[in-house]
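A short worksheet on the structure shown next.
The values are calculated or read from the model by the stated rules, or taken from the named source; none is laboratory data. Everything quoted here is computed from the prediction, not taken from an experiment. Virtual Cβ from ideal backbone geometry, glycine too; neighbours counted across all protein chains shown.
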Amino acid sequence: MRMLGCEHSKFSATRQVTVVEDRMQAAGLLAGLADPGSQLILTPGRLPLPAFKTGESNPVEARVKVVAANANRLHLRVESKEQDPYWLHYAEAAHPGWRAYVDGVEVPLAISQLAFKAIPLSGGNHEVVLEFRPGLMASLAWIHAVLTLLAGLAMVGLLLKVWGADERENNGGQPRQNVA
């Protein structure tokens with residue numbers, strides 16, 4: 001899958017990674033690289049990252065096929081003859097709401113290059129699913145929207161009640177008569 005206007009694929013597989021503890025350390029390492037795409041700089045996401053051999057310069061042979069995609073879910077089929085673990089890099093914006101599943105099991109999703117996603121894979125073929133679950137912030141946004149709607153409806157009801165009372169008061173306590 002290629003991104004419009006870019007000469008590189010959104011997906012790449014590598015063992016050339018450096019895992020750091022925080023964003024400041026990652027920024028420092030990235031600033032020192034002549035080619036920021038030459039290796040992945042990973043910071044842990046929501047789950048701890050697995051420890052496996054990294055730093056090898058031999059290329060990882062992996063083919064990524066997009067099975068299905070929409071705004072909140074991406075299903076990939078990764079075919080590889082690799083025997084050793086590696087990282088699948090996905091050059092798409094990372095967010096704490098993204099979850100990664102490999103062969104149906106949730107795996108850690110690392111933040112790569114300060115902005116993208118990386119998924120640890122063992123050797124062989126895999127079904128990879130990325131799902132966006134916005135969590136607490138989205139729930140709070142929906143609650144806020146519903147409460148705002150209810151408050152607006154209450155205000156309209158109150159205005160109608162006040163307007164109706166004013167009309168009766170102006171007509172000597174009688175409802176307004178429509179004359180044809």
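Take the residues in segment 100-137 that are under 12 Å from the mean Cα position of the chain (by Cα) and farther than 25 Å from A31 by Cα, then tell me which one is surrounded by the most Cβ atoms within 10 Å (Cβ to Cβ).
A100
I'd like the residue in segment 33-88 that is of a type in the set (S, T, N, Q) and not in a loop (DSSP other than H, G, I, E, B) and, out of all such residues, is modelled with the lowest pLDDT.
T43
Can you find even one residue in segment 52-74 that is loosely packed, with under 14 Cβ neighbours inside 10 Å, touching a Phe, Trp or Tyr at 6+ places or on another chain (Cβ under 8 Å) and without any contact (Cβ under 8 Å) to a residue 60 or more places away in the chain?
Yes, segment 52-74 contains a residue that is loosely packed, with under 14 Cβ neighbours inside 10 Å, touching a Phe, Trp or Tyr at 6+ places or on another chain (Cβ under 8 Å) and without any contact (Cβ under 8 Å) to a residue 60 or more places away in the chain.
Regarding R176, is this residue assigned to a helix (DSSP H, G or I), over 26 Å from R73 (Cα atoms) and at pLDDT below 65?
No; evaluated as a whole, the condition is false for this residue.
Tally time: how many residues in segment 84-115 are at positive phi and among the aliphatic types (A, V, I, L, M)?
The number of residues fulfilling the criteria is 1.
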